[in-house]
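This report refers to the structure that appears directly beneath it.
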Amino acid sequence: MFDRRLIENFDWGFVILILTISIVGLVILYSALTAGHDAGVVHILFKKQIIWMGSGFIIMIISLLIDYRELDKLNLFIYALCVGLLVSVMIFGQLGGGSRRWLVLGFVRIQPSELMKIALIISLSSVYSTCVCQTGLNFNKLIKPAVLCIIPFILIVNQPDLGTGLLLLLIAGSITLFVKVERRVLVALSGLCFAAIPLIWFTLKSYQKSRILTFLNPDRDPLGSGYHIIQSKIAIGSGMMTGKGFLKGTQNALSFLPEQHTDFIVSVLAEEWGLIGCSALLILYFILLFWGLNIAYNCRNMFGSILAFGITAMIFCQVFINIGMVMGLMPVVGVPLPLVSYGGSSVITNMVGFGILLNIRMRRFTPN
Amino acid sequence: MAVFDKNPDKEWIKQRLIGASICILLLFLLLFLRLVYLQIIKGEEFRLLSEKNAVRLQSIKSSRGLIFDRNKTLLVDNRPSFNIKIVREDAGDVRKIVRKVAGLIQIPFQELMENIAKAGKGAFYKPVTLKNNISRDQLAILEAHKFDLPGIQIDIEPTRYYIYKKTAAHLIGYLGEINYDELKSNNYLNVRAGDSIGKYGIEKSFQEDLHGKRGGRQVEVDANGRIIKILRTIEPVAGFDLNLTLDLGLQQAAEKMLENKVGAVVAMDPNNGDILVMASSPSFDQNDFIGGISSKKWASLISNPGKPMVNKAIQAEYPPASTYKIITSLAALEEKHIDINTEVFCPGFLKYGNRKFRCWKKYGHGRMAITDGLTQSCDVFYYQAGIQTGVDALAQYATGCGLGVKTGIMLGNERKGLIPTSAWKMRRFNEPWQGGETLSIAIGQGFDLVTPLQMAVFIAAVGNGGTLYRPRIVKSIESNDGKSIKKIDPEIRGGLPASRETLDIVRNALFNVVQGARGTARGIQLKNVDIAGKTGTAQVFSIKKGEENKSEKLEYALRDHAWFICYAPAENPVIAISVIIEHGEHGSTTAAPVAGALIEQYMKNF
């Protein structure tokens, strides 16, 4: 059953790359944690993150045993399962920070909206793999994918977690653009999006509106989120070329930022390691993304190609939005930086994604 | 136009992937350029800012809206209080500085350190409260030593002050520090940890209007934390002022009469539902809650058997007793079981099944029709009326009169009382309704429970010709420069389920209760004003046969509750009152005089 050739085709380079980014992430996280917390708490949080990463690796390796093409057959089942989890979050979910995002299963808390990303990518890949064509997709072929996106989007925005909801749409959008749509469809959809902007504006919560307005004009709220962006920019800028050195960031040490170990973690890297450190991390991500695209290219199966692209798009969107936000290029939304930000659900989701990439890579020569 | 098979066209995939790669490349380039801009081009500037570490954020509390009574008399004010704060980053050796402060103003060092500990470890650059509300003498000492105390700052912040101690405390409510759950609930606008929010009464229901919007400033400080330059200021926005419907003079009079008693008084304007008085006794001093109530004071409030923390006007539920006979009258008349001439003979008791239900008057009232029956509060008359009307029809009328449902007053924790039906009893006890229970219900005993506010709204409706108003406590909301923000108009909830003729019969009887020669409340007659009302005596403990009128000897806790509900003048009333005195025994002797005195005082203005 388990072909020896699979082991020969195992992509060790990719695993080493992921390990490297994880270790870099842990170093930054350690520095970010020491500033705002007591030694004991730092120890607990740091250990937790290592456990999450270890579990993620194990899940990644175990998932390799199953041929990824099984996902094609099971796509609707996986999708339905994740939607089911989202619905149960709505009913049984744990309330935190005014929204229901967490589901408590025994001793683990899971965030179904994270798993939904993977499920949606699988389903879309499955649907698109049967209907791709040279000229691009027409309206009729986009109906099913649109329905697949809207259901989880509504459920997640309802939690409310607008950031993750929009991220989901962004990922789905990139996959759709990747498989190509007809030009007239593209024009019509762009028009629709612009038309929807005022509509969406009225459904936003007041704190969400204020974040967007503050992004457009940071002076509007110099004491609230505008202040965080200003402090974040001071932290990043003050790193200059070489940075202030490990654990020596002064902005970081004074806890100017509220979420420095989760969403604002890049500011810690930038302050302590400077432009050199930041560029290094950007290059690592860059290699990771191209590796993903290469996997998509070398796959001989349409489903696999789209799937590999989808996972890569997911990683890219998170990296770009997170770093862009911290540097004031984008409004403040809660999107974590893959493999670096503190948080279990995000680590697991990304590791599952990498597992799928490895899986596709490993079976690139196996016949359909 | 060929659809691909499972094996993708290599060339096509390549072309799509090149497109994707270019997008990624361009966007990463954008991130890199932004980094270069921040770290290299603006790097020097940001490095300087971060080294000086000099930008601090100071928040400026908004002042909470004021509260006035209906005549624009100020009830709740804000006074400046001096609060000491410390910025740990600027203080250097925190323990040393705190010890110095403790020595100067003579407050235990330990107490100050505990206040710092509450703030947690993070945010060294943020001011942390050391001690709130210091005296002017302490302030003078600290100001004199200002230069030896780096990192110490004294903020002048507005603090709530309740001018009339204990007056309308339950209605106005009090403040407390926002707790973790409230902070996380997103139900409160413009608040943050450490803020005071309304926890009870109007302070709570109108929190959003009263709170205002915090301001703040970004300042540049020197090495000792002293401000060099103010970079930006956002002025706080004061909360909105409330104009209540309350009449301060009348409220104080009511509270004076309730002193040393347990009970409640509600007075309202029957023509619009305005609450003129809402008193609940015993009361508490709202100022004790400012800056956190001491545990000793809290314990004494909680252990007081008179339950001072309960607003008895809306939260305490009592059997309505004989005041309920008004409902029974309406129901029996409307359902045509009786008319104005139907007579009942009262021998002092009614035999029902094998039980004897007694009238409060041992030897009976003799023959009488409804007007005398209600005026003299004959139990036997109402046993008969109740039997014929039946429990469910009675309940239907009671609910229609606003009993057993919330009045909709804009205060939290309102109770809705209880109006039993046969279906309710089946659900609650899984037992069928007993005919004898209907007899108890008909005279307002048994399962029946009402709040004093419900009775006030009801008697006001009887007085005004049948209109049930939603009680109004706030007339209008204004900004602090006098601009009108919101007007709250009187709101009609519905009408009494009774015709004009039925109401006239009842109103005539209620007039006789006070003004008639044999009325139960004839003792409170006034010279210039006619009053119409009904007394009630709610049994706490059922009296054994033959022990009538011996409750003077009973233990306090076993004595009956006294009710009186009324309106005045009897024609075109301008005030409706509901009074309950717990263990006050007779409505006519303890509750009615309170209402009489209030009417006398109120009518002077007309």
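The values are calculated or read from the model by the stated rules, or taken from the named source; none is laboratory data. It should be emphasised that the depicted structure is a prediction, and the values quoted were computed from it without experimental measurement. A quick note on method: Cβ atoms are made from the backbone with ideal geometry, for glycine too, and the neighbour counts reach across all protein chains shown.
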Inset, instruction - Kindly indicate the residue of the range B:183-199 that is more than 19 Å from A:Q159 (Cβ to Cβ) and of a type in the set (S, T, N, Q) and also farthest from the other protein chains (Cβ to nearest Cβ) among those meeting that condition. - result: B:S196
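Find the strands (runs of 3 or more DSSP E) located wholly in the range B:222-268 whose residues include 2 or more that are touching a strand residue (DSSP E or B) at 6+ places or on another chain (Cβ under 6 Å) and at pLDDT below 90, and list them. Don't jump to the end; show me each part of the working.
Working: elements: B:227-234, B:241-244, B:263-268.
Result: B:227-234.
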Inset, instruction - Scan the range B:56-75 and give yes if some residue there is β-branched (V, I, T) and under 22 Å from A:A235 (Cβ atoms), otherwise no. - result: no
Inset, instruction - Confirm whether A:L142 is at pLDDT 85 or above, of a type in the set (A, V, I, L, M), crowded, with 17+ Cβ neighbours inside 10 Å and over 23 Å from the mean Cα position of the chain (by Cα). - result: yes
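Could you list, in sequence order, the residues of the range B:330-349 that are on the phi > 0 side of the Ramachandran plot and either buried (at least 18 other Cβ atoms within 10 Å of the Cβ) or in contact (Cβ under 8 Å) with a residue 12 or more places away in the chain (or both)? Give the steps one after another, and end with the answer.
Quick first cut of the range B:330-349, residues on the phi > 0 side of the Ramachandran plot only: B:336, B:348.
Correct list: B:G348 only.
Within the group B:G92, B:G120, which residue is modelled with pLDDT under 85, within 11 Å of chain A (Cβ to nearest Cβ) and surrounded by fewer than 17 Cβ atoms within 10 Å (Cβ to Cβ)?
Details: B:G92 fails: within 11 Å of chain A (Cβ to nearest Cβ).
Of the residues listed, the single one that is modelled with pLDDT under 85, within 11 Å of chain A (Cβ to nearest Cβ) and surrounded by fewer than 17 Cβ atoms within 10 Å (Cβ to Cβ) is B:G120.
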Legend entry - Single residue of the range B:464-490 satisfying the filter (under 30 Å from B:A562 (Cα atoms) and either outside the structural domain of B:A267 (by TED's automatic domain parsing) or not hydrophobic (A, V, I, L, M, F, W, C) (or both)) that is farthest from the chain's Cα centre (by Cα): B:G465
Inset, instruction - Select from the range A:259-288 the residues that are among the charged types (D, E, K, R) and in a helix (DSSP H, G or I) and write down the one among them that is surrounded by the fewest Cβ atoms within 10 Å (Cβ to Cβ). - result: A:E272
Legend entry - Flag for A:I122 being in contact with a helix residue (DSSP H, G or I) (Cβ under 8 Å, 6 or more places away or on another chain), β-branched (V, I, T), under 18 Å from A:V352 (Cα atoms) and within 14 Å of chain B (Cβ to nearest Cβ): no
Inset, instruction - Working carefully through the options B:G482, B:G494, find the one that is assigned to a strand (DSSP E or B) and on the phi > 0 side of the Ramachandran plot. - result: B:G494
Inset, instruction - Using the structure shown, decide if B:F357 is crowded, with 17+ Cβ neighbours inside 10 Å and either farther than 23 Å from B:S588 by Cβ or not β-branched (V, I, T) (or both). - result: yes
Legend entry - Of all residues making up the range A:32-76, the number that are free of Cβ contacts under 8 Å to residues at least 40 places away in the same chain, assigned to a helix (DSSP H, G or I) and crowded, with 17+ Cβ neighbours inside 10 Å: 2
Legend entry - Residue ID - surrounded by the fewest Cβ atoms within 10 Å (Cβ to Cβ), chosen from residues in the range B:172-195 that are without any contact (Cβ under 8 Å) to a residue 60 or more places away in the chain and small (G, A, S): B:A193
Inset, instruction - Working carefully through the options B:I202, B:I141, find the one that is surrounded by fewer than 17 Cβ atoms within 10 Å (Cβ to Cβ) and at pLDDT 85 or above. - result: B:I141
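When only residues in the range B:281-329 that are part of a helix (DSSP H, G or I) and aromatic (F, W, Y) count, which is surrounded by the fewest Cβ atoms within 10 Å (Cβ to Cβ)?
Restricting attention to the range B:281-329, the residues satisfying the condition of being part of a helix (DSSP H, G or I) are B:286-289, B:295-303, B:312-315, B:321-329.
This time we only want the ones that are aromatic (F, W, Y), so: B:289, B:298, B:324.
On the way: B:F289: 23, B:W298: 15, B:Y324: 31.
Looking at residues that are part of a helix (DSSP H, G or I) and aromatic (F, W, Y), I get B:W298.
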Inset, instruction - Specify which of the listed residues (B:I338, B:I302) is over 18 Å from B:G263 (Cβ atoms), assigned by TED's automatic domain parsing to the domain that holds B:A562 and out of contact with any strand residue (DSSP E or B) (no Cβ under 8 Å at 6 or more places or on another chain). - result: B:I338
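Tell me the residue from A:G310, A:G324, A:G353 that is among the small types (G, A, S), more than 12 Å from chain B (Cβ to nearest Cβ) and on the phi < 0 side of the Ramachandran plot, please. Give the steps one after another, and end with the answer.
Details: A:G310 fails: more than 12 Å from chain B (Cβ to nearest Cβ); A:G324 fails: more than 12 Å from chain B (Cβ to nearest Cβ).
Selected residue: A:G353, the only one of A:G310, A:G324, A:G353 that is among the small types (G, A, S), more than 12 Å from chain B (Cβ to nearest Cβ) and on the phi < 0 side of the Ramachandran plot.
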Legend entry - Hey, B:S59 surrounded by 13 or more Cβ atoms within 10 Å (Cβ to Cβ) and at pLDDT below 90 or not: yes
